[in-house]
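Enquirer: Sharing a structure here in structure tokens format.
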Amino acid sequence: MKRDARDAPKSVTLGFEADCVTLPIDAILPLRALGKSAKSSRKYRQIAASIAQIGIVEPPVVVRNPDRSATWLLLDGHMRIEALKDAGGSEVECLVSTDDEAFTYNRQISRLAPIQEHKMIRKAIERGVPEEKIALALDLNMSSIRRKARLLDGICEEAVAILKDKPCTNAVFDALRKMRTMRQIEAAELLVNANNYSVAYVNAILAGTPQAQLVESSKPKKLKGITPDAMARMEQELARLQEGIASIQDTYGEDHLHLTVIKGYVGKLLGNARVVRYLAQNHPEFLGEFQTITEITPAEADAAE
């Protein structure tokens, strides 16, 4: 059977050339200038330290110059190129883009969450990389590396799974470590549901944790500026909040479906001029409410839930 040309598989345009190229740094023309404070930033120091210890990890991205000269245009990696220049480098291996769109590639990258960073450091240590070398590569002191390596000590696996890709600070895990396993899971879910990973919020959860759910249950909680009576009220309020969140989660999907169906039905009713005229003449209060329902956006629907 003869195949139609339309059935033939379409070719896929690659974003980069198949092979990297090694280029003289002097032949690479940056498309933007670094700010005056760029070289004094922590990010620049970390890049420079990483290059000094292990070399370039992520190749800069270049594109061939349209004027067909021996120069290349730098799309991404301006700080890496500057750090190499400052280190006395003369050549660098680059990834060649097939598109000259000079958007910032790093905006499309998900940054490492603290748990992911912890696992990376732990894996490096397990493979025999000295802590000193890791500290130099990340431009951190030894105490920071050790603290990151011990980040999940005392944290249950279920809480780790919930927070694995969340931007939690060390203080979040310090607070969780003071709670028993089930409370850690509840606290992690509260953080995610509220999309709030601040120190103030996790400390509020800790303050509202019943004494029996703390690791050191025999030692009274002491939080600066909070009296025992206020702490007891916080525990009660947090318990009610958790019950409310749990009840909403149980019915959220069904309620959202009902609201979507109702909104569509009411929208069709209001599309009928005779219905609108009747409501305006006899039940104007209903017409206003119906119009409000049809104007609900997804964000407002979530807030109403």
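Enquirer: Run the accessible area of the range 117-182 with a 1.4 Å probe and give the carbon-and-sulfur part as a rounded percent.
Expert: Of the solvent-accessible surface of the range 117-182, carbon and sulfur hold 51 percent.
Enquirer: Let me ask something else. Report the calculated FRET efficiency for VAL57 and GLU289 (r = Cβ-Cβ distance, R0 = 41 Å), to the nearest 0.05.
Expert: Given R0 = 41 Å and the Cβ-Cβ separation, E is 0.10.
Enquirer: For GLN46, put the label point 7 Å out on the Cα→Cβ axis and report which residues of the range 161-190 keep their amide N under 18 Å from it.
Expert: 165-172
Enquirer: In nm, to one decimal, how far is the ILE125 label point from the ASP26 one, both placed 7 Å along Cα→Cβ?
Expert: 4.6
Enquirer: Next up: Write down the accessible area per residue of the range 18-90 in Å², having rolled a 1.4 Å probe over the full set of protein chains.
Expert: Result: 58 Å² per residue.
Enquirer: If the limit is 23 Å between Cα atoms, which of LYS148/LYS178; LYS39/LYS119; LYS43/LYS166; LYS164/LYS219 go over it?
Expert: As for pairs spanning more than 23 Å Cα to Cα, those are LYS39/LYS119; LYS164/LYS219.
The values are calculated or read from the model by the stated rules, or taken from the named source; none is laboratory data. Computed from a prediction, not measured in an experiment: that's the story for all the values here. Note: ideal-geometry Cβ built from the backbone for every residue, glycine included; neighbour counts use all protein chains shown. We work out accessible area using only protein heavy atoms, side chains counted, and drop any ligands, DNA or RNA first. Shrake-Rupley method; radii C 1.70, N 1.55, O 1.52, S 1.80 Å.
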